[in-house]
Amino acid sequence: MIKLRGVSLVYPNGTRALDDVDLEIEKGSFVFLVGHSGTGKSSLLKLLYREEFPSAGEVTVDGIRVDTLRRGRVPKLRRNIGVVFQDFKLLSHKTVWENVAFALQVTGTRTRDVMRMVPRSLDLVGLSHKSRMFPSELSGGEQQRTAIARALVGNPKLLLCDEPTGNLDPSNTTEIMELLQRINLKGTTVLVATHNQAVVDRMRRRVVRLEHGKILHDDERGYYFRGLGQTAVLPG
Amino acid sequence: MDWGKLRFFLGEVFANFTRNAGMQFTAIGTVAVTIVLLGSFLFVRETIQTFGTGVLSQIEIAVYLKDGVTDAKAKDLASTLAADPRVAKATYVSKAAGIKRMQDVLGKDFDTSLLTTNPLPNAYHVRVKDADEVPAVARAIARDPRVAKTDYAADTVQKLLKTAAVLGRAGIALIALLSISAAIVIANTIRLTVFARRREIAIMQLVGATNMYIRLPFIAEGMLAGVLGASVAIGVLALAQAQVVPKLAQTLAFVSFQVNELTLCLELLAVGAAVGIIASWLSVGRYLRT
């Protein structure tokens with residue numbers, strides 16, 4: 001699904017966000033991308049939906065070379081990738097339903113399909129009963145679920161989450177992570193960038209750790225800190 | 001036709017338009033002021049042109065014949081004059097007819113009782129199709145041996161022609177300047193609305209909306225502002241015309257104030273719409289080029 005080969009990203013101000021990264025992520029997998037803030041997690045995600053260009057190397061998503069993709073082709077790429085952020089990025093003057101439908105409407109989806117796809121997506125995140133509410137009337141967890149519904153409404157193959165639980169309390173965090181797991185079980189590849197140790201250690205999924213723009217370690221069923229998983233959950 | 005799509009699109013345009021009502025008001029006002037100026041200018045220009053063409057079409061070359069030329073020979077000249085393709089009409093005015101005409105024009109003030117002989121020569125009044133040709137035709141006629149002298153309002157013709165040409169060019173320049181200033185104001189307004197909606201644009205780009213699709217509502221918005229501004233301006237101009245033109249017509253009775261109002265209105269609306277479209281296209285384009 002995702003293949004990075006020798007990818008570097010240097011910002012115009014000279015900051016080296018990524019340094020010769022090689023990474024491969026299979027279709028249908030669930031992967032955590034961990035590391036302190038500023039270690040290049042967001043930058044890596046941005047390369048995947050072509051918000052950023054790599055300074056060197058190749059970026060392939062679902063068989064498409066993203067780094068050499070023509071500008072006009074970017075919208076089509078993005079319709080196949082759902083993205084969720086820490087700050088939800090919902091439109092405050094639109095209801096839950098309208099926020100989710102927006103993603104379809106602005107990509108020219110037929111009204112008939114919008115009417116069919118929006119309820120399905122709201123049902124998946126468990127917000128059907130709140131579809132007429134505005135974001136300000138929802139809890140943080142519900143807002144993030146709305147954002148996830150919007151990201152998924154077009155049936156993307158890949159879901160990218162940039163600190164999806166960064167603004168949420170522990171119980172909402174658990175709720176969101178369970179939802180992401182359900183989504184993954186339905187076949188969507190999920191890539192979550194986070195620095196929430198508890199979440200990572202509880203889930204026991206593949207963990208890719210970035211440090212100073214390089215991959216420090218990459219473990220199947222890993223912990224936030226390599227080898228420290230057990231101590232992290234032990235009391236004291 | 002997918003009415004749901006259309007409703008969504010129009011809903012977006014309307015919602016954004018009303019949400020930025022204050023800014024739109026400024027833009028509409030500026031367009032209105034610009035177009036009022038443009039409209040008055042076009043009105044004045046068209047009036048002058050109509051007046052000028054009217055005057056030019058009435059310019060006659062007076063062809064005075066030599067005294068010795070008999071009536072029969074003078075009549076002969078008519079066919080020579082008519083043979084010239086540039087000549088529209090040649091009227092023969094004999095000595096007697098000339099006196100009568102003068103009496104008609106001057107009325108009682110013209111006292112013929114003091115005259116012992118008729119001092120007027122036999123003459124032709126020649127009307128030329130194209131005012132530009134007047135000097136050339138006059139020179140050609142003057143070469144005829146039967147003609148004593150030709151006379152026409154040479155200076156006036158030349159000046160009028162020159163004025164018309166200058167006005168035409170100045171008009172184009174002025175229209176361009178005014179349109180550019182209106183476009184700049186609309187562009188700034190749209191830029192502000194684009195800025196106010198950067199979140200929405202970011203989301204649109206994120207979920208894979210094409211640039212064209214993102215642009216379209218803004219362009220519709222700009223067009224709406226332009227057309228509304230032009231409509232306001234047309235209203236103001238119509239009011240002004242109703243107030244001012246009757247008074248002008250009284251004082252300047254010889255000028256006709258007939259302007260093709262429908263064409264003028266359509267022109268102004270088109271200018272408003274075009275200015276709005278171009279302005280918003282440019283200001284959104286700059287934002288999308290990330």
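In chain B, the calculated helix contribution to ellipticity at 222 nm averages -25500 deg cm²/dmol per residue, counting -39,500 (n - 2.57) for every DSSP H run with n ≥ 4.
The magnitude of the dipole of chain B, with charges of +1 and -1 set on the Cβ of Lys/Arg and Asp/Glu and taken from the Cα centre, is near 660 debye.
For the segment B:212-225, counting C-beta atoms of other chains within 10 Å of every residue's C-beta and taking the mean gives 1.
Per-residue ellipticity at 222 nm, computed for chain A from helices alone with -39500 (n - 2.57) per DSSP H run of at least four residues, works out to -10000 deg cm²/dmol.
In a reduced charge model with +1 at each Lys and Arg Cβ and -1 at each Asp and Glu Cβ, the protein assembly as shown shows a dipole moment near 740 debye about its Cα centre. Over all orientations, the protein assembly as shown has a Cα convex hull whose mean projected area works out to 38.4 square nanometres. Take each residue in A:104-114, count the other chain C-beta atoms within 10 Å of its C-beta, and the mean is 5. Considering only B:GLY276, B:GLY29, A:VAL61, whose Cα is most displaced toward the positive end of the charge dipole of the protein assembly as shown, charges sitting on Cβ of Lys, Arg (+1) and Asp, Glu (-1)? Ranked along the dipole, the leading option is A:VAL61. Taking every residue in B:199-205 and counting other chain Cβ atoms within 10 Å of its Cβ, the average works out to 5. If you model the range B:20-117 as an ellipsoid using its alpha carbon gyration tensor, with each semi-axis the square root of five times an eigenvalue, the axes come out at 55, 21, 7 Å, biggest first. Dipole magnitude for chain A: about 960 debye, using +1 per Lys or Arg Cβ and -1 per Asp or Glu Cβ, origin at the Cα centre.
Legend: translational diffusion of the range A:1-97 by Stokes-Einstein, Rh = Kirkwood radius over C-alpha pairs, 37 °C, 0.692 mPa s; D = 224 µm²/s. By DSSP, what percent of the beta bridges with both residues in the protein assembly as shown are antiparallel, rounded to the nearest 5? Counting DSSP beta bridges with both partners in the protein assembly as shown, the antiparallel share is about 65 percent.
As a length-normalised measure over Cα pairs under 8 Å and 6 or more apart, the relative contact order of the range B:60-152 settles at 51 percent.
Membrane-span-like helices of chain A, defined as complete DSSP H segments with a Cα extent of 20 Å or more along the helix axis and a mean Kyte hydropathy of at least -1.0, are identified as A:111-125, A:170-185. At 25 °C and 0.890 mPa s, what whole-number value in µm²/s does Stokes-Einstein give for the translational diffusion of the range B:81-191, with Rh from the Kirkwood sum over Cα pairs? Result for D is 132 µm²/s.
Kirkwood-type hydrodynamic radius, chain B: 24.2 Å, calculated from all non-identical alpha-carbon pairs. Only one residue of A:PRO135, A:LEU124, A:GLY154 has its Cα farthest out toward the positive end of the dipole of the range A:89-155, where Lys and Arg carry +1 and Asp and Glu -1 on Cβ, and that residue is A:GLY154. So what is log10(I(q)/I(0)) for chain A at q = 0.12 1/Å, when the Debye sum runs over its Cα atoms only? Log10 I(q)/I(0), no solvent term: -0.68.
All of the numbers you see were taken from the coordinates with simple rules; none came from a lab. Remember, it's a predicted structure, so these values are computed and weren't measured experimentally. Please note: Cβ atoms are built from the backbone with ideal geometry, for glycine as well, and neighbour counts cover all protein chains shown.
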